Ligand SMILES: *Cc1c(COP(=O)(O)O)cnc(C)c1O
């Protein structure tokens, strides 16, 4: 008799615990959106946009917030603001969403991939330092999934070598490092508010900075060269020589949704941390599985997802796809991780357009790809009763994993 639901046993949960609704909605915001629509004032720099930029920067301990159309161009504008361009090298972690790399390519620079730490799955500071060459101009640490890159170590190394730092915070809305927000430690912090992110307006993003000059360059880079506050056509001076400027402006609808949503961010992050702590506690008592380590000085931490890492030997080398199927059969849907950028389906850079430091990134290619599953952040928003059920599902699959050793998925007809 099998215990696991994948092999015919009774599932822990009859209903799918990962069926959650995202993004959050409210009647009040809906009413305001209608009012905005009827006002015909739909463009950028709306009262809501200014309110949101201020609130978001303040939350994360930064002086300026510059909203843009997505979280890829925020990275690109961060690089432009720092003067990164043709022939320069920018060091990024191998495990991240491809946007971190394409933004570097899009300013004419070379992304250099370095490996990740096996615990946090974020950029390995020692490998970052080793990858620096005379051509290196900047580094983009990514706060990935449910952890934060080691900002103290990375910024110290960057300062020593006079490199710019852009934090990719697309996964780290509301995360705090050593008492101050993600995105306020580097020269620029880049956030995405794409549909799946923990603050969401469908699309859009923001850059944070504490530097007045960078704030001006960021604003001009997204607003065809005009400075903040100048009416279109009414600027006293143009952009600094060589700064490539685009139209990357967001709109008033996105800003309104974001301005309302950020009011609930602290509570949301609190719930995510409480849920993650409960799952971490359970996993600590199991053999063969662990949780992606939190950022060393992160409290509270943001979560794009909670990552479970299965150590292959204690789990008898059961394929990840089988573990995912077993968890799903018990009622918990998990996804895989991105895998190294340079192996992603959409990655199409020419051989001369990028570099892999040391020739390969074994950690990103190993546990960062083959052995990890993601529990999406909306699942962490569940009540404690549901979180305990999730703990029971993980426990059951791990403790009974030996049943899966000879499992073969049914052939598709
Ligand atoms: C989502 C994401 C981005 C890009 O944001 P978009 O708004 O989708 O352009 C950049 N970096 C990381 C790590 C992301 O997850």
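Most fluctuating residue of 45, 70, 348 in a GNM of the chain with Cα springs under 10 Å: which is it? Result: 348 has the largest fluctuation of those listed.
Principal-axis analysis of the Cα atoms of the chain puts helix 252-261 at an angle of about 50° to the longest axis. Annotation for the stretch 92-109 versus the stretch 311-371: alpha-carbon center distance of 18 Å.
Shape descriptor for the stretch 343-413: Rg over Rh equals 1.13 (Cα atoms; Rh from the Kirkwood inverse mean 1/r).
Just to be sure I understand: of the beta bridges DSSP finds with both ends in the chain, what percent are antiparallel, rounded to 5? Restricted to the chain, the bridges split so that about 60 percent are antiparallel.
Equivalent ellipsoid semi-axes for the stretch 292-413, as square roots of 5 times the alpha carbon gyration tensor eigenvalues: give them largest first, rounded to whole Å.
Values: eigenvalues 156, 92, 40 Å².
Semi-axes, largest first: 28, 21, 14 Å.
Compactness of the stretch 194-327 is given as radius of gyration and Dmax, 22.1, 68 Å, from Cα positions.
Each of residue 86 and residue 203 was given a label point 7 Å from its Cα along the Cα-to-Cβ line. The distance between the two points is 2.9 nm. A Gaussian network model of the chain, with springs between Cα atoms under 10 Å, assigns the largest mean-square fluctuation among 88, 115, 31 to 31. Within the listed set 95, 370, 345, the residue fluctuating most in the Gaussian network model of the chain (springs between alpha-carbon atoms under 10 angstrom) is 345.
Of interest is the spacing of the C-alpha centroids, which for the stretch 376-410 and the stretch 158-186 amounts to 33 Å. Peptide packing: for 208-215, 11-18, 373-380, the average count of neighbouring Cβ atoms within 10 Å per residue gives the ranking 373-380, 208-215, 11-18, highest mean first.
Computed over the chain, relative contact order equals 23 percent, with contacts defined as Cα pairs under 8 Å that lie 6+ residues apart. Looking only at the stretch 386-410, which residues have a backbone nitrogen under 20 Å from a spot 7 Å from the Cα of residue 15 in the C-beta direction? Residues passing the 20 Å test: 386-394.
Could you give the alpha-carbon Rg of the stretch 24-126 over 2.2 N^0.38 Å, rounded to two decimals?
Numbers: Rg = 18.4 Å, N = 103, 2.2 N^0.38 = 12.8 Å.
So the stretch 24-126 has a normalised radius of gyration of 1.43.
What angle, in degrees between 0 and 90 and rounded to the nearest 10, separates the Cα long axis of helix 384-399 from the longest principal axis of the Cα atoms of the chain? So the inclination is approximately 60 degrees.
Return the calculated 222 nm mean residue ellipticity for the chain, to the nearest 500 deg cm²/dmol, obtained by summing -39500 (n - 2.57) across DSSP H runs with n ≥ 4 and dividing by the residue count.
On the way: 13 runs with 135 residues, N = 413.
So the calculated ellipticity at 222 nm is -9500 deg cm²/dmol.
Working from label points 7 Å from Cα in the Cα-to-Cβ sense, the residue 353 to residue 40 distance is 4.4 nm.
Against the chain, whose longest principal axis is taken from its Cα atoms, helix 151-160 shows a tilt of about 40°. If you look at the Cα atoms of the stretch 153-207, you get an Rg and a Dmax of 12.5, 39 Å. Counting 0.36 nm for each residue step from residue 243 to residue 317 and taking away their Cα separation leaves a gain of 21.5 nm.
Using the alpha carbons of the chain, what is the convex hull volume per residue in cubic angstrom, as a whole number?
Numbers: hull volume 65.2 nm³, N = 413.
Given the Cα convex hull of the chain, per-residue volume reads 158 Å³.
On the principal axes of its alpha carbon atoms, the stretch 1-81 extends 64, 38, 22 Å, with the longest extent given first.
For the stretch 119-237, what mean projected area does the convex hull of the alpha carbons give, in nm²? Projected area, direction-averaged: 9.2 nm².
Where a number appears in this text, it was derived from the coordinates with a stated rule and is not lab data. Model, not experiment: these values are computed from the prediction. Reconstructed Cβ throughout: ideal geometry from the backbone, glycine too, with neighbour counts over all protein chains shown.
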